[in-house]
Amino acid sequence: MNIQKTSDKGGAQTPLLSVKDLRVYFRTRSDPIRAVDGVSFDVAEGETVAMVGESGCGKSVTALSLAGLVALPAYNAGGEILFDGRDTANLGLAELQKIRGAEISYIFQEPSQSLNPVFTVGYQIMEALRLHRGNLKHRNFKLHVGRELARRRFASDSERPSQAKALHGTWTTVAALPPNSNFREETIRLLDMVGIVDPVRRFKSYPHELSGGMQQRVMIAMALACRPKLLVADEPTTALDVTVQAQIMDLLVRLQGELGMAILLITHNLGLVADVARRVNVMYAGRIIESGLADEILSCPKHPYTHGLLAAVPRLDFNQKRMNGIPGNVPNPANPPAGCKFHPRCPHVREICRREEPCEEKISETHGVKCHFWKSIICG
Amino acid sequence: MSLLEINNLRVSFHLGHGRKLQAVRNVSLEIGRGESVGLVGESGCGKSTLASAVMRLIPADGGVVSYAGDNVLAMRGRKLFDFRKKAQMVFQDPYGSLNARISVGSAIRECLDVHGIGAAAERRERVVDLLNTVGLDAAHAGRYPHEFSGGQRQRIGIARSLAVNPEFIVADEPVSALDVSIQAQILNLLKDLQEQKHFSILFIAHDLAVVRYMCSRIYVMYLGEIVESGGAEDVFTRPAHPYTRALLEAVPDIDGVRRRRPDRFMEHVDGERSASSVRSIENGKWKMENSSPSPSVSGCPFHPRCSQAVEICRSQKPEMIKAAAGHLCRCHFVENYG
């Protein structure tokens, strides 16, 4: 593959993924809702980057747009997503289908909703292999396009479970084709790789026969089937118990070591971030308000929001007298506050915050923050 | 005297073909007046089933639940109706537990109507009061659930449970569906309300840190049984059961001190493989069983996952043994810890 290398800051190696000034808006009858408003970040090869924020801050929309998975009423309103030399924000459907599942893979929060209940898990993993490596094509392309259009037209919250299906092609057309025995062996190997006991037997299991942790392992096997360069893990353990969460995170870290893919971890759990991520981007109201190395963010947060998020994590190691919540709610994206988007909830708010949105300031080479008064925030 | 006392409660589900799943096995538990007690365990361990049985939402097989001296399981008619006025529940999913077609004000008012609290004219004021108590406005009463965020909905759920001035609240995972920042608000609200109104609370959660913040006493549940109980401080600083220790170990640490921990106590969960032991799914999780109430795994139910298991654990089931004053643990080797 001929990859066009563009020079990046200070002669550093070109990152695998470079998102620049990404804007994703939602169409409404009046002004569009700016769900993602000028987000820029990089993910280097083999690196783990975390995206942290409350629900509704735009982190999932950012993740979905990486492989062109946002559908109307959401649309890409600008910016570029340079993945391995290509701008996925401006690729056609056929090109995107080659990337989805093969080079950029996803795992989602609720594995039971991402798996198709009427096919065996083995079959579903094999589908990814057959689509990208085998003779399986999105055969009924017209139907696929029709579905895609219908999906875009009626896309709503209830459509979200079908994200995974969209990733791996239309299963309705795929089902008619005979399975390929080589891929069967490969699939069993994948099931074994993600730590599923008795993979030959489990190949034939249906999703409902597996527990949440096992289902998430199946999702991981499916996502890694084609050795993607980037794995986007959107809240991969939020629906799971802590014990299972620890195992799934261990598994992801181990597989990352073996396969060398980059991981974009989307989460609201800062504890998880401390455990696995090298770099962290904190999102609020569609913007990255602080970014830096995990150590910098966790031990010396500069933005009052990051500070608040860290303080809100319930502690196990000592007895807290009082929890420190962040007062108020995430701003309504249809009607965001003027100035700094965090000012209505900020304990350090001053006049300028209500008027002017802060620009990003560099604290160190790696650590950036968008706050007028970051200098006065004391490390927590 | 304790407000609620559960003795040897058993709950099972019929699976058809004569099979039975013993979800709660001889659980005994006690909650004092004004006390907050935590119940922790992994999903599927029976904590919600226990709560539902105590609230008479599902039938129990046996045992005694005595509430201020009366057996809840034997209550009928008027008595049961009165019990439901004293005991209330806050549910996990603030999206599923509110009727989408009923305005928030009506949903809260419904409790007052059912129990005939206050004159009809006063109820409107009472609804506004309740909304204010949980940090919402009077203007919110006319709105519908979809207009609220998850945290606000959970506030509504709390307002609804407070409407009848309960003595006892079961909070079944009230914050696990919420973001950390909002979670903290709701926990503070619950704690403040408890301090003002002095109700008892049975707080069910799988997040141990949350339980530590809320509760003075903890019960740890595993496969339908209580495996450890004691004061929150004791259980968290000196966990006696290997399962409790494993649960504590598994919580990711925000300080990053314990990055990439070595393998934990837990060998595997639900049949997932580990280096040392390969077991099939039936052994790790619930096992279907015939109507016998005895556990399907012989010996200690935790032994297949316990890294310290020895012969006695496989053959003999441990009793609740005293680890310290007021601290009980169901493990043969309780004296080795602490």
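Please treat every number below as a calculation from the coordinates, not as lab data. Small disclaimer: the values here were computed from a predicted structure and weren't measured. Glycine also receives a Cβ, built like all others from the backbone with ideal geometry; neighbour counts cover every protein chain displayed.
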Computed over segment A:18-74, the Cα gyration tensor eigenvalues, each multiplied by 5 and square-rooted, give semi-axes in Å (largest first) of 23, 12, 10
As straight-line cross-link partners of A:Lys375, the qualifying aspartates and glutamates (C-alpha separation under 20 Å, not fewer than 8 residues apart within one chain) are A:Glu290, A:Asp295, A:Glu296, A:Glu351, A:Glu356, A:Glu357, A:Glu360, A:Glu361, A:Glu365
Output field shielding_mean for A:304-317 (other chain Cβ, 10 Å radius) holds 5
Mean other chain Cβ within 10 Å across A:244-250 is 5
Note, segment B:114-123: 3J(HN,Hα) by Karplus (6.51, -1.76, 1.60, θ = phi - 60°), whole Hz, Gly/Pro = x, goes 4, 8, x, 8, x, 6, 3, 5, 6, 5
Sorted largest first, the Cα spans of chain B on the principal axes come out in Å as 69, 49, 41
Inter-chain shielding metric for B:203-210, i.e. average beta-carbon neighbours from other chains within 10 angstrom, reads 3
The equivalent-ellipsoid semi-axes of segment B:1-150, taken as the square roots of five times the Cα gyration tensor eigenvalues and listed largest first in whole Å, are 32, 20, 15
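For the cross-link pairs B:Lys20/B:Lys47; B:Lys47/B:Lys317; A:Lys20/A:Lys370; B:Lys47/B:Lys197, which exceed 28 Å when the distance is taken from alpha carbon to alpha carbon?
Table pairs above 28 Å Cα-Cα: there are none.
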Put in order of increasing Cβ neighbours within 10 Å, starting from the fewest, B:Leu131, A:Leu265 give B:Leu131, A:Leu265
Cα gyration tensor of segment B:61-166 diagonalised, 5x eigenvalues square-rooted, in angstrom largest first, produces semi-axes 27, 17, 11
hull vol. (C-alpha, convex hull) per residue for segment A:218-307, Å³ -> 109
One finds the C-alpha centres of segment B:1-50 and segment A:104-136 to be spaced, in Å, by 38
Using alpha carbon centers only, segment B:116-159 is separated from segment A:209-245 by a whole-angstrom value of 39
Computed about the Cα centre, the charge dipole of segment B:2-226 from +1 Lys/Arg and -1 Asp/Glu charges at the Cβ has a magnitude in debye, to the nearest 20, of 600
The answer for B:Leu39, listing residues at least 5 apart or on another chain whose modeled amide H is closer than 5 Å to its amide H, is B:Phe203, B:Ile204, B:Ala205, B:Tyr219
